[in-house]
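Chemist: Starting off with a structure, shown below.
The values are calculated or read from the model by the stated rules, or taken from the named source; none is laboratory data. Because the structure is a prediction, the values reported are computed rather than measured. All Cβ positions, glycine included, derive from the backbone under ideal geometry; neighbour counts span all protein chains shown. Each accessible area value is taken on the protein alone, full model and side chains, heavy atoms only, with ligands, DNA and RNA left out. Shrake-Rupley method; radii C 1.70, N 1.55, O 1.52, S 1.80 Å.
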Amino acid sequence: MSGKRKDMENCCLEELLECYPELKAIRKEIWDAYQCMVKCFETGHKLLIAGNGGSSSDAQHIVGELMKGFEKKRSLSKMQQELLQKVDPVMGKVLAKELQGALPAIALDSHSSLYTAYANDMDAKVCLAQALQGYGHPQDVLLAISTSGNSENILYAAVTARAFGMPVIALTAKEGGKLVGLSDIAVRVPQEKTFRAQELHLPIYHCWCRMLEQHFFQ
């Protein structure tokens, strides 16, 4: 990693901690989770994200920040633009202008047809695990978001991830529940109430998305 790029990533983290001083106690965990994601994307793998309720919305929010430009335009390379225009000069020109670089991420809880079909035939609490084992490969990363840390469908997904060689990052609340024991890195925000914990989850994952964009897109 270049010194300039690392400085910019550290700057993002310092901004987070300045705005939310209570997160200083988990600085190492926030950074370690970020490094796990960097390794995932550098090796050509993807981030799989799971949550319930508000955390389900957070999962989809993260996908939106990673799969398109967040703070940067993320223009395609000149070679990619030329390849598009070679296939079709008119549509290729539009695509070359509009497409943006992406970091592959999937919100596991956003596939209603799969989940309703699976829940109708099997045990609904295993729906996320089913999606995970279908999409996931060893060295993909599961970001499991649960304020209680005890949501059964999240725990089943975490067990599946660990069994099939996928690191697990937990984003949870102060206690962390059973999810902590199933995670490789546990980011436990210093709040106990669900809505207070969720209020701290958002700036943390925005910080991750900012740092990842700084790392992968110049």
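Chemist: Hey, can you tell me all the residues within the stretch 173-200 that are in contact with a helix residue (DSSP H, G or I) (Cβ under 6 Å, 6 or more places away or on another chain) and within 24 Å of Glu9 (Cβ to Cβ)?
Modeler: Answer for the stretch 173-200, where residues must be in contact with a helix residue (DSSP H, G or I) (Cβ under 6 Å, 6 or more places away or on another chain) and within 24 Å of Glu9 (Cβ to Cβ): Ile185, Ala186, Val187, Val189, Pro190.
Chemist: On the basis of being of a type in the set (Gly, Ala, Ser), in contact with a strand residue (DSSP E or B) (Cβ under 9 Å, 6 or more places away or on another chain) and open to solvent by less than 10 Å² (accessible area, probe 1.4 Å), does Ala186 make the cut? So that I can check it myself, show each step before the final result.
Modeler: Working: of a type in the set (Gly, Ala, Ser): yes; in contact with a strand residue (DSSP E or B) (Cβ under 9 Å, 6 or more places away or on another chain): yes; open to solvent by less than 10 Å² (accessible area, probe 1.4 Å): no.
No, not satisfied.
Chemist: Please return the ranges of helices (runs of 4 or more DSSP H) entirely within the stretch 109-180 where 2 or more residues are touching a Gly at 6+ places or on another chain (Cβ under 8 Å), under 23 Å from Lys46 (Cβ atoms) and hydrophobic (A, V, I, L, M, F, W, C).
Modeler: 152-163
Chemist: Among (1) assigned to a helix (DSSP H, G or I); (2) under 21 Å from Thr147 (Cα atoms), where does Leu48 come up short?
Modeler: (1)
Chemist: Based on this model, can you work out whether Ala144 counts as in contact with a helix residue (DSSP H, G or I) (Cβ under 6 Å, 6 or more places away or on another chain), within 22 Å of Leu179 (Cβ to Cβ) and at pLDDT 95 or above?
Modeler: On the way: in contact with a helix residue (DSSP H, G or I) (Cβ under 6 Å, 6 or more places away or on another chain): yes; within 22 Å of Leu179 (Cβ to Cβ): yes; at pLDDT 95 or above: yes.
Here the answer is yes, as Ala144 does meet what is asked.
Chemist: Let me ask something else. For Gly64, indicate whether it is open to solvent by less than 60 Å² (accessible area, probe 1.4 Å) and within 20 Å of the chain's Cα centre (by Cα).
Modeler: Details: open to solvent by less than 60 Å² (accessible area, probe 1.4 Å): yes; within 20 Å of the chain's Cα centre (by Cα): yes.
Here the answer is yes, as Gly64 does meet what is asked.
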